[in-house]
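Below is one structure, written out as structure tokens; the observations come after it.
Taken together, the values in this text are just the output of simple stated rules run on the coordinates, not laboratory data. Since we're looking at a predicted model, the values are computed, not measured.
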């Protein structure tokens, strides 16, 4: 019997908003610990229980990848795990080896995760403004790789659990400035308690019954981009 997996409601809603359909090629670029992957599968199986998708779950860190495998084993029925591929690539370089492949890419990028600052003293000790700058640079590299890997007409959902504008709208603004001819912005997913930002939406715990924080923005590659 599968174990329940608790996921922040805003994150679960964001994953479900992708509306995965049978036969799609789907990539979760930074999949550990695995909650959004479980939500993706749950949403799909609820609507298409007799169909399958091709789901690639990527996690560069060996320890986090092991945790991802445990979550899949514990929380996903064995009969639905066959189309799942687990990889260990550097997400910042994904576009070097796969281009124009995926119908949907979920990019939940590593971020400042400010909520953890008040929950974990070690995280607070390690925090500095420079960390947000570095994470924003990495996030842009991952987003650029996702825009290369997604097929023409495909969608990239960019998520963070950060409050930092550098890692949220700042990354989208940079992508628009440098690669805006390749994609268009889409309306962000409709998340309970969210409020609009410059390029997406954000869920703030103090305004959304404790859900979040979560920033979300959707990008679609132009259909003529080959």
| Geometric extent, Cα atoms of the chain - Rg, Dmax (angstrom) | 16.6, 49
| request: Return the whole-Å distance between the Cα centroid of the range 97-114 and the Cα centroid of the range 174-226. | output: 13
| Taking every DSSP beta bridge that has both residues in the chain, what percent is antiparallel when rounded to the nearest 5? | 50
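Could you work out the relative contact order of the range 52-179? I mean the mean sequence separation of Cα pairs under 8 Å and 6+ apart, divided by the number of residues, in percent.
Working: 168 pairs, mean separation 38.0, N = 128.
The normalised contact order for the range 52-179 reaches 30 percent.
With each run of n ≥ 4 DSSP H residues scored as -39500 (n - 2.57), what mean residue ellipticity at 222 nm is computed for the chain after dividing by its residue count and rounding to the nearest 500 deg cm²/dmol? Don't skip to the answer; put the middle values down first.
Details: 7 runs with 77 residues, N = 226.
Calculated at 222 nm, the ellipticity per residue is -10500 deg cm²/dmol.
Any idea what the relative contact order of the chain is, in percent, if you count C-alpha pairs under 8 Å spaced at least 6 apart?
On the way: 450 pairs, mean separation 46.2, N = 226.
Relative contact order here is 20 percent.
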